[in-house]
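Each remark here refers to the structure printed beneath this line.
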Amino acid sequence: MTERRTPRACEAPWVFGRGLAAVIALVSATAGTCFEILLVARARAHCLGDLSAGEQFAGTVWVVSRIVAFPVVSGLSALFALSFPLVARLPWLAGRSWPGLVLPAIMVAAALTGPAAMTLYDLATEGTPGGCVLPWWPSWLPS
């Protein structure tokens, strides 16, 4: 009979950190994709008005490319975010308590950075053609 190894108490935060990054990646891959497509479509409709058949087809091709590309960016951001809990395992930080509080917040921010940057980039380039400035666009962001 083989003896199974039960998880120790110090492994629970380690597993939670990995699961948190995976949940962030899945949520941003699904909800972020829908949010970006909706936001860019509304911005294009505001700037261009009624679209011709060719413009609508180009918009459809762009939507399909984002359905493919956005989950990839979300996954890569989550993989990058998984490197932050490894910092807490370094010998000079292993016994301290503050990395357990700070590093999960940094990990969440790093996991959300890629999808947020892609949304802002697509809104600025695809959503506002011809230098159109949206009424809800913040003045501190370039248009």
**Item:** Filter result (among the aliphatic types (A, V, I, L, M), outside any helix (DSSP H, G or I) and at pLDDT below 80) within the range 74-89
**Value:** 88
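Could you tell me which of the residues 36, 11 is of a type in the set (Asp, Glu) and either under 30 Å from residue 138 (Cβ atoms) or modelled with pLDDT of 80 or more (or both)?
36
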**Prompt:** Does residue 36 fit the bill of being under 20 Å from residue 127 (Cβ atoms), open to solvent by 50 Å² or more (accessible area, probe 1.4 Å) and touching a helix residue (DSSP H, G or I) at 6+ places or on another chain (Cβ under 8 Å)?
**Reply:** no
**Request:** Considering each of 110, 31 in turn, give the residue that is in contact with a helix residue (DSSP H, G or I) (Cβ under 8 Å, 6 or more places away or on another chain) and modelled with pLDDT of 80 or more.
**Result:** 110
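To keep it simple, each residue is scored yes or no on (1) more than 14 Å from the chain's Cα centre (by Cα); (2) part of a helix (DSSP H, G or I); (3) β-branched (Val, Ile, Thr); (4) more than 30 Å from residue 46 (Cα to Cα).
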position	(1), (2), (3), (4)
60	yes, yes, yes, no
64	yes, yes, yes, no
67	no, yes, yes, no
72	no, yes, yes, no
91	yes, no, no, yes
112	no, yes, no, no
118	no, yes, no, no
**Prompt:** Which of (1) of a type in the set (S, T, N, Q); (2) open to solvent by 50 Å² or more (accessible area, probe 1.4 Å); (3) farther than 20 Å from residue 20 by Cα is the odd one out, the single condition residue 113 does not satisfy?
**Reply:** (3)
**Message:** Need pairs with beta-carbon distance below 7 Å; first residue closer than 11 Å to residue 71 by Cβ and within the range 28-45, second part of a helix (DSSP H, G or I) and among the aliphatic types (A, V, I, L, M); sequence gap 6+ or separate chains.
**Reply:** 28/112; 33/67
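The values are calculated or read from the model by the stated rules, or taken from the named source; none is laboratory data. No experiment lies behind these values; they were computed from the predicted model shown. Glycine also receives a Cβ, built like all others from the backbone with ideal geometry; neighbour counts cover every protein chain displayed. Surface accessibility is based on the protein's heavy atoms, side chains included, excluding ligands, DNA and RNA. Shrake-Rupley method; radii C 1.70, N 1.55, O 1.52, S 1.80 Å.
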